[in-house]
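None of the figures in this text is laboratory data; all of them are computed from the coordinates on show. Since the model is a prediction, treat every value here as computed from it, not as a measurement. Here the Cβ positions follow ideal geometry from the backbone for every residue, glycine too, while neighbour counts run over all protein chains shown.
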Amino acid sequence: MNISQIKERGLEIEQHGKLPKDVLEIIYEHQLFKLFVATELGGKNLDLLEGIKVFQQMSSLDGNFGWLVTIGTGGNIFIPTLDQEICEKIFSSGDAVIAGSGYPTGIAVKIDGGYRVTGQWKFCSGSDYATTFTMNCFIERDGIKTEDIISCAVSREFVEVLYDWRAMGLKATASHTIRIKDVWVPKEATFRIGLNKNSYGGWVHSFPFGAFAEASFLSVCLGITDNFLEEASILMKQKNNEVQLSLINEQLKRYKQIEEQFYKKLTAYWLQHKKGQQLTDGELHQFSQISKEGAAACVDIANSIIRSLGIDAILETSTINRIWRNLCTAAQHGFLTP
């Protein structure tokens with residue numbers, strides 16, 4: 001099987017509720033969870049723009065597939081913040097991938113040499129195959145919970161997956177809740193964004209994290225919207241309705257404008273970053289607005305078309321409905337909502 005055949009597997013993937021084994025093998029073979037990993041660790045070592053475009057391309061094949069490639073690669077950003085030995089242990093395996101959550105819904109009790117961690121974290125995409133989980137915790141010292149937050153990396157064997165993901169779309173992303181109870185996490189398996197501990201990082205890893213996340217998730221929405229427009233065009237050509245085809249062309253033009261604006265701004269900021277010029281708060285806010293408005297526009301494009309597609313469009317087993325539900329779900333991520 002090659003990557004392009006993923007598009008034909010969309011319904012199967014959704015009904016399976018997770019990525020089939022042969023689809024996961026495609027990801028490992030093409031190092032799609034290691035786009036921003038150094039070659040020394042078995043990665044592709046792409047730059048930001050190359051990786052973001054891969055996210056979009058994979059999402060245009062299938063939303064579940066693209067989302068999981070994006071989320072899995074997102075864990076690459078932690079590479080320079082990890083103790084070198086821990087980093088090599090986590091990422092050297094061919095099937096290495098991180099799942100986790102940025103929400104600080106756990107407690108890390110400080111003791112000599114590390115922490116005892118307990119907690120529960122929602123929406124950990126890829127939880128059915130992740131080899132490592134990361135999570136944020138409030139630190140407790142001497143029985144007192146503080147406002148200090150520490151990030152922890154925990155091996156899969158210590159993590160319980162609750163299998164509670166029941167969303168309208170992205171049904172195969174295994175975005176389940178995870179839980180751990182009184183797990184020992186040594187200090188060297190903890191990390192903080194911005195505090196580097198090894199030399200495996202590059203320009204991608206020092207790009208502002210918020211902008212990286214916004215660009216990643218918007219690229220998924222763009223890819224799914226591209227898939228939606230392609231499928232809608234096929235359906236409307238079958239009906240041979242000139243008015244409906246005109247609507248498609250109008251929305252396709254709007255989509256291209258959103259895509260062009262996004263990549264123009266991202267390219268400018270990426271080049272600025274590589275020159276060592278720090279992005280200002282104003283520039284980051286502007287990029288955030290472009291990302292949020294872009295995601296909203298993608299949903300609006302799909303909504304403006306689906307009303308014209310008739311009863312077939314609301315059947316969950318129809319391709320267009322599945323794509324639409326995946327898009328609406330992806331656009332609800334906290335980095336893309338108002």
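Laid out as a table, the results:
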quantity	calculated
Whole-number Å³ per residue for the convex hull built on Cα positions in the range 3-79	79
Candidates 98, 149, 258: whichever shows maximal mean-square fluctuation once the chain is modelled as a Gaussian network with Cα springs under 10 Å	149
Simple label model, 7 Å out from Cα along Cβ direction - residue 53 to residue 112, nm	5.5
Which of 250, 293 has the fewest Cβ neighbours within 10 Å, and the rest in rising order	250, 293
Over the chain, relative contact order from alpha-carbon pairs under 8 Å, at least 6 apart, %	20
DSSP beta bridge pairing in the chain, given as percent antiparallel to the nearest 5	75
Residue order, fewest to most surrounding Cβ atoms within 10 angstrom, among 165, 67	165, 67
Footprinting exposure proxy for 275, 237 (fewest neighbouring C-beta atoms within 10 Å first)	275, 237
DSSP-assigned coil residues among chymotrypsin sites (Phe, Trp or Tyr not before Pro) in the range 210-280, each with at most 10 further Cβ atoms within 10 Å	none
Helix 63-74 axis, angle to the chain major axis (alpha carbon atoms, nearest 10°)	30
Within-13-Å neighbourhood charge of residue 150 [Cβ basis; K, R +1; D, E -1]	+2
Listed pairs 7/265; 44/197; 264/292; 145/292 exceeding 24 Å between Cα atoms	7/265; 145/292
Fraction in percent of alpha-carbon pairs per bin - 10 Å, the chain	5, 25, 33, 24, 10, 3, 0, 0
Pairwise Cα inverse-distance average, inverted: Kirkwood Rh of the range 207-330 (Å)	15.6
Across 21/89; 21/187; 53/122; 21/122; 18/89, pairs whose alpha-carbon gap is larger than 30 Å	21/187
Cβ-defined net charge surrounding residue 17, 11 Å radius [Lys, Arg +1; Asp, Glu -1]	0
Helical contribution to [θ] at 222 nm, DSSP H n ≥ 4, -39,500 (n - 2.57), averaged over the chain, rounded to 500	-15000 deg cm²/dmol
For the range 83-96, 3J(HN,Hα) per residue [Karplus equation, 6.51 cos²θ - 1.76 cosθ + 1.60, θ = phi - 60°, Hz, x = Gly/Pro]	3, 4, 5, 5, 4, 5, 5, 6, 9, 5, 5, x, 9, 5
Most mobile of 175, 216, 246 in a GNM of the chain (Cα contacts under 10 Å)	246
Cα shape, the range 56-215, gyration tensor, a/c 1.5 rule	oblate
